[in-house]
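Since the structure comes first, as C-alpha cells, the remarks are kept for the end.
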Amino acid sequence: MFDEPDTAQPAGAQHMRMHTVRTRRSAEDFPRDEHLAWKIAQVAADPVAVDDDVREMVVNRIIDDAAVAAAAFARRPVAAARAQALVRPYSPGGSVWGIHGRFAPEWAAWANGVAVRELDFHDTFLAAEYSHPGDNIPPILAVAQHAGVSGADLVRGVATGYEIQIDLARGMCLHEHKIDHVAHLGPSVAAGIGTLLRLEPEVIYQAIGQALHTTTATRQSRKGAISSWKAYAPAYAGKAAVEAVDRAMRGEGAPAPIWEGEDGVIAWLLDGADAEYRVPLPAAGAPKRAILDSYTKEHSAEYQAQAVIDLAFRLRERVGDPARISSVTLHTSRHTHTVIGTGADDPQKFDPHASRETLDHSVMYVFAVALQDGAWHHEHSYSPERARRPDTVALWRKVSTAEDPEWTRRYHDPDPAKRAFGARAEVTLDSGETVVDELAVADAHPQGAHPFTRSQYVAKFRSLADGIVAPDEQDRFLGAVDTVADLPAGQLHRLGFTVTDEAAARVPAIPEGLL
C-alpha cells in the first residue's frame, strides 16, 4: 500500500478550486478548456497581484537558493555544469551565480539549477508527491534577466512556479509509479515563465505540454548508488521548460491532452485509465499563495532527515557515550522508511564508500553522525574520512527504520499545523536500558522550535557564502534581493554575485566535453 493522496488545505484554501483529472478516450468529447494543462495556463495568465507575505517569502527563497549555490560553487558537478554554460556566452542572456558574464538563458538556468540542488539544502514541500519548489527559481530568474523584465514580474513568475508545482504535488503522486518528482517541475517552470512574460494562455498551454512530455523520468536517480544526476535532474527539467516556452512562442505545439490522453501520462505512467486525481488550483482572480506552505532546510540532507538530525542532537545528553548503544530503531512514516531508511533495501545506504548523494539519503548514516558530533555541516559531515570512521560505521549499522502507520497518518494530516515529518527514536543501550524520544518536525519548520524568518535566511547565506563571496559582495547581493520587487526592467542582473579569486582557485579541473 502506497502513501495516500494529500488532503491538506492549501494556504488561501477558500480561493482554491478542486479539479478532477482522469484519462479520456481519443474519441471522447473533451474540450480544451477542461484539460488540466489549459487550466494551469489560465492560472499562469491571470494577472493577480502578489500578496505582501508571498512577496517576502519569494525574497527569502531567492536568498536561500543563492546561499546553497554559493556553498556548492567549487563542487565538481556544479563546476561541470557551469563549464557547459561558459561556452555559451549570450547577450542579453542570464547570469551564472559566482562568475561575471551573461550566458544563454537555458544554460544559465542549467548551471544555477545544478548549483542550487547539489547540496540538497534548499526548500521542500511534501504531500502526495515530494518536491523542492525552489528549483523553479533558477530557470525563471534566468529568463527574467534575459528578457529584461522588472523585479515585480520576476516575483509574479516565481509565485506561479511555486503554486503550480505545489498544487500538482498535492494532487498527483508520482513516486508510487517510480516517476521522479521533476515531472511536476517542468510544467511549473513553464507556467512561471508564462506569468513572467505575460504570455497568452495558448502559448503557456503548449509549453506546459512540451515541458511535461520531455521531463518525465524514473526515480532511479534517487535509488541505489545515487550519482550527481540527482542534482542534474531538476536542472534539466528547468532547462527543458525554458526551451519548451521558446518553441511554443514560435508557434509549435505539444502532445494533448498531455495528462488525460488515452496514451498520456495518467494512463501509462501513473494510476491508469480508470484513475482519478484531484488537483487544487487558484480560482480566477485568486492570489497564488502556495509558497507559504513550503519550508526550507537548516541542515544539508534530505528533508525527512531534518527532524532526525535535531532529534539526535536532543538525545545526546541522555544517551551519553554512543559506544554504549546496542541498537537504534527510528519509527517513522512510510516515505522516510522506504526512501531514506532500511525499507529502501539499498545496501549502498550502509556503504562507507558511498557517494555524498547516497549518504544524504541514508537516515541511518545521518542519525549516527549527528548523534556522535552534535553538529551538522554540509561538507565535513559527508567527507570520506567522516563516513569511514570505524566507530561511525559500527554505530551506523546498528540503526534501522520501521514504518509506523500513525507516523504515516500524521505525514498526511489534513491540518498543516499537525503534520509530522519526523520520527520516534528507540535507542537500546548495552545495559538493556531504552532511551526514547520523538520529534514531529524539524526545528526550522514553520511549526518547529525556531521557524526560519528573514534573519535566518540571511544568516544561512552569510554562513554558506563565508570565504566564497566577499563581504561587500554579500552586502550588495542581499541589498538587491531585498528590493527585488522594486527593481526596474533590465536590472535583474543585480541578482547575480561573484566569488573571490581564492574560491575560484579551489574549483577542480573539468575535462573537456564534446561541445
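The values are calculated or read from the model by the stated rules, or taken from the named source; none is laboratory data. Please read all numbers here as calculations on a predicted model, not as lab measurements. Ideal geometry is used to build each Cβ from the backbone, glycine not excepted, and the neighbour counts take in all protein chains shown.
Looking at the stretch 210-233, which of its residues are within 18 Å of Val265 (Cβ to Cβ) and surrounded by 22 or more Cβ atoms within 10 Å (Cβ to Cβ)?
Passing the criteria: Gln210, Ala211, Leu212, Thr215, Ala233.
What do you reckon, is Phe125 part of a strand (DSSP E or B), under 19 Å from the mean Cα position of the chain (by Cα), crowded, with 22+ Cβ neighbours inside 10 Å and of a type in the set (Phe, Trp, Tyr)?
On the way: part of a strand (DSSP E or B): yes; under 19 Å from the mean Cα position of the chain (by Cα): yes; crowded, with 22+ Cβ neighbours inside 10 Å: yes; of a type in the set (Phe, Trp, Tyr): yes.
For Phe125, the condition - part of a strand (DSSP E or B), under 19 Å from the mean Cα position of the chain (by Cα), crowded, with 22+ Cβ neighbours inside 10 Å and of a type in the set (Phe, Trp, Tyr) - is met.
Suppose we filter the stretch 246-269 for residues that are assigned to a loop (DSSP other than H, G, I, E, B), within 19 Å of His177 (Cβ to Cβ) and either without any contact (Cβ under 8 Å) to a residue 12 or more places away in the chain or hydroxyl-bearing (Ser, Thr, Tyr) (or both); how many remain?
Looking only at that region, the number is 1.
Do you know which of the residues in the stretch 288-342 that are assigned to a strand (DSSP E or B) and not hydrophobic (A, V, I, L, M, F, W, C) is surrounded by the most Cβ atoms within 10 Å (Cβ to Cβ)? So that I can check it myself, show each step before the final result.
First, the residues of the stretch 288-342 that are assigned to a strand (DSSP E or B): 295, 325-332.
From what's left, not hydrophobic (A, V, I, L, M, F, W, C): 295, 326-327, 329, 331-332.
Details: Tyr295: 22, Ser326: 13, Ser327: 14, Thr329: 19, His331: 18, Thr332: 31.
The residue in question is Thr332.
Go through the stretch 270-294 and count every residue that is farther than 10 Å from Ala13 by Cα, of a type in the set (A, V, I, L, M) and out of contact with any His (no Cβ under 6 Å at 6 or more places or on another chain).
Selection size over the stretch 270-294: 5.
Would you pick out the residues in the stretch 407-447 that are more than 27 Å from Phe350 (Cβ to Cβ) and without any contact (Cβ under 8 Å) to a residue 40 or more places away in the chain?
Arg409, Ala417, Lys418, Gln447
One line per residue, one yes/no per condition, for (1) outside any loop (DSSP other than H, G, I, E, B); (2) farther than 24 Å from Ser228 by Cα:
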residue	(1), (2)
Ala74	no, no
Ala85	yes, no
Gly93	yes, yes
Asp120	no, no
Thr160	yes, yes
Ile166	yes, yes
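Could you count how many residues in the stretch 343-358 are more than 16 Å from Arg388 (Cα to Cα) and assigned to a helix (DSSP H, G or I)? Walk me through it before giving the result.
So in the stretch 343-358, the residues more than 16 Å from Arg388 (Cα to Cα) come out as 343-346.
Filter once more, so that each one left must be assigned to a helix (DSSP H, G or I): 343-344.
The qualifying residues number 2.
Taking Asp472, is it assigned to a loop (DSSP other than H, G, I, E, B) and out of contact with any helix residue (DSSP H, G or I) (no Cβ under 8 Å at 6 or more places or on another chain)?
On the way: assigned to a loop (DSSP other than H, G, I, E, B): no; out of contact with any helix residue (DSSP H, G or I) (no Cβ under 8 Å at 6 or more places or on another chain): yes.
So Asp472 does not fit the description; no.
Of all the residues that make up the stretch 414-442, how many are touching a Lys or Arg at 6+ places or on another chain (Cβ under 6 Å) and loosely packed, with under 15 Cβ neighbours inside 10 Å?
Count: 1.
Ala284 fails exactly one of the following numbered conditions: (1) crowded, with 16+ Cβ neighbours inside 10 Å; (2) more than 30 Å from Asp443 (Cα to Cα). What is the number of that condition?
For Ala284, the exception is condition (1).
Give the residue that is farthest from the chain's Cα centre (by Cα), with candidates limited to residues of the stretch 213-227 that are within 19 Å of Pro138 (Cβ to Cβ) and not in a loop (DSSP other than H, G, I, E, B).
Here is the first cut: in the stretch 213-227, the residues within 19 Å of Pro138 (Cβ to Cβ) are 214-215, 217, 221.
Filter once more, keeping what is not in a loop (DSSP other than H, G, I, E, B): 214-215, 221.
Details: Thr214: 19, Thr215: 15, Ser221: 14 Å.
Step by step, filter the stretch 213-227, then rank; the result is Thr214.
Considering each of Arg454, Arg410, Arg476 in turn, give the residue that is surrounded by fewer than 16 Cβ atoms within 10 Å (Cβ to Cβ), at pLDDT 95 or above, over 20 Å from His377 (Cα atoms) and under 22 Å from the mean Cα position of the chain (by Cα).
Values: Arg410 fails: surrounded by fewer than 16 Cβ atoms within 10 Å (Cβ to Cβ); Arg476 fails: under 22 Å from the mean Cα position of the chain (by Cα).
Matching residue, one of Arg454, Arg410, Arg476: Arg454.
Tell me which residues, restricted to the stretch 84-108, are over 17 Å from Thr498 (Cβ atoms) and of a type in the set (Gly, Ala, Ser).
Restricting attention to the stretch 84-108, the residues satisfying the condition of being over 17 Å from Thr498 (Cβ atoms) are 84, 87-88, 90-92, 104-107.
Scanning the stretch 84-108 gives Ser91, Ala104.
This table checks each residue for (1) small (Gly, Ala, Ser); (2) surrounded by fewer than 24 Cβ atoms within 10 Å (Cβ to Cβ).
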| residue | (1), (2) |
| --- | --- |
| Ile99 | no, yes |
| Arg102 | no, yes |
| Ala109 | yes, no |
| Asn136 | no, no |
| Pro139 | no, no |
| Ala144 | yes, no |
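What number of residues within the stretch 355-377 satisfy the criterion of being buried (at least 22 other Cβ atoms within 10 Å of the Cβ), out of contact with any Gly (no Cβ under 6 Å at 6 or more places or on another chain) and modelled with pLDDT of 95 or more?
10
Is there any pair linking a residue in the stretch 490-513 that is aromatic (Phe, Trp, Tyr) to one that is in a helix (DSSP H, G or I), with Cβ under 7 Å and at least six apart or on different chains, and which?
Cβ pairs passing all conditions: Phe497/Ala66; Phe497/Glu473; Phe497/Phe477.
Please verify whether Ser381 is at pLDDT 95 or above, outside the structural domain of Ala70 (by TED's automatic domain parsing), touching a Ser or Thr at 6+ places or on another chain (Cβ under 7 Å) and not β-branched (Val, Ile, Thr), treating the condition exactly as stated. Give the derivation first.
Numbers: at pLDDT 95 or above: yes; outside the structural domain of Ala70 (by TED's automatic domain parsing): yes; touching a Ser or Thr at 6+ places or on another chain (Cβ under 7 Å): no; not β-branched (Val, Ile, Thr): yes.
So Ser381 fails the test.
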